[in-house]
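The values are calculated or read from the model by the stated rules, or taken from the named source; none is laboratory data. Note that the coordinates shown come from a computational prediction; the quantities given were computed from them, not determined experimentally. Because the Cβ atoms are built from the backbone with ideal geometry, glycine has one as well, and the counts that use them run over all protein chains shown. Heavy atoms of the whole protein, side chains included, go into the accessibility calculation; ligands, DNA and RNA do not. Shrake-Rupley method; radii C 1.70, N 1.55, O 1.52, S 1.80 Å.
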Amino acid sequence: MSFVLFHFTIVVLLASVLTSATCLSAYLVSHKRLMLFAFLGFLFYFFDVAWVFQDAFAFAGGDVALGNSYLLVRSLASVVAGGGFLVSFWLLIGDYLGETRRVLLIAPGVVFAAGSIGMLVLLPESDLQRFLFYSMRGALLLWMLLYLAYRYVAAKDEVEKNRLKKHRAIYVLLWVLGAAMVAEDAYSFLFSGAAQETNILSYFAERNYVENVLMLCCMFYAFRAAFRSLALRFDRPPKQSDKLKETIAGGSLMMYGKRHQLSEREQEVLELVLLGKDNQNIASSMHLAPGTVKVHVHNILQKTAQPNRQTLIQDFWKTS
């Protein structure tokens, strides 16, 4: 393994750990599930790269006795690590878009695992088998990108369109690097002959450098978002009213209301509930009868499936 390759791998591993730790810190401060999924995704990717890195040392020692048993174990580890970071990012996307259908959230991961294992079990060992096995990653990435495109085209609300449009740069970059990732796998396994250099896993064929670059771009994007979240709370710990105004400006209250099918009036009541006002104060602020406010709060709790105001507030901040 060359000097440059060794240090490039170290950079990828360090970036994975640093980004994962920063996202975890942001989650512990904000309790946003987006940061939790990002933490898990980059942690899984650390192990994905580390296990491929391990192969280089195994081959450098000339331990060819590892044979097919090592190939099987490493392949299953690749399914766990690769599926782990991709499914984590899929759940992140689902949470950002407010997707609540469990079948839709779970199915891509199940298909990825079943398809990857199926390639190992049903196809004879060959370069084509390894290419198809690793192409499952590209297929899952393609599904995420197509789903994002569908949600953007299908969105009728300008707030939701604008939220998605803010991330168009990283979206286009993922398309370009995703296509290059599949092309690199095709070259490595089908055309270069690198996968035939040994009867067990070939380090250079299994390693996808475009995927590393793609993930480094995602790490930069996630690290910047997590760091800004942490810096905001360090420089000026937000009061609840300030935090609410910031969230409303970002359209999160409207999106939360749309996700749970709240009426416009119920969203207005929810805004005041989040500010900590009781029914009497809400009634005075909105010039409504206390009984009417009570009905609105009851309907909000039912639609959001929350037992009380406290859990309602917690659910809002976790998903906003």
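Brief remarks follow.
- Pairing each residue of the range 27-39 that is farther than 23 Å from residue 14 by Cβ with any residue that is assigned to a loop (DSSP other than H, G, I, E, B) and among the small types (Gly, Ala, Ser), provided the two are 6+ apart or on different chains, yields C-beta distances under 9 Å for 32/320.
- Residue identified as of a type in the set (Phe, Trp, Tyr), out of contact with any strand residue (DSSP E or B) (no Cβ under 9 Å at 6 or more places or on another chain) and open to solvent by less than 50 Å² (accessible area, probe 1.4 Å) among 147, 152, 171: 147
Listed here are the residues, each with its yes/no results for (1) at pLDDT below 90; (2) outside any helix (DSSP H, G or I); (3) in contact with a Cys (Cβ under 7 Å, 6 or more places away or on another chain); (4) open to solvent by 60 Å² or more (accessible area, probe 1.4 Å).
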position: 205; (1), (2), (3), (4): yes, no, no, no
position: 215; (1), (2), (3), (4): no, no, no, no
position: 220; (1), (2), (3), (4): no, no, no, yes
position: 237; (1), (2), (3), (4): yes, yes, no, yes
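- Positions within the range 268-320 being of a type in the set (A, V, I, L, M), farther than 18 Å from residue 253 by Cβ and assigned to a helix (DSSP H, G or I), in sequence order: 283, 295
- The test for being farther than 21 Å from residue 252 by Cβ, touching a Phe, Trp or Tyr at 6+ places or on another chain (Cβ under 6 Å), open to solvent by 30 Å² or more (accessible area, probe 1.4 Å) and assigned to a helix (DSSP H, G or I) holds for residue 119.
Okay, residues lined up against (1) in contact with an Asp or Glu (Cβ under 7 Å, 6 or more places away or on another chain); (2) within 25 Å of residue 32 (Cα to Cα); (3) surrounded by 15 or more Cβ atoms within 10 Å (Cβ to Cβ):
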residue	(1), (2), (3)
260	no, yes, yes
276	no, yes, no
282	no, no, yes
287	no, no, no
297	no, yes, yes
307	no, yes, no
316	no, yes, yes
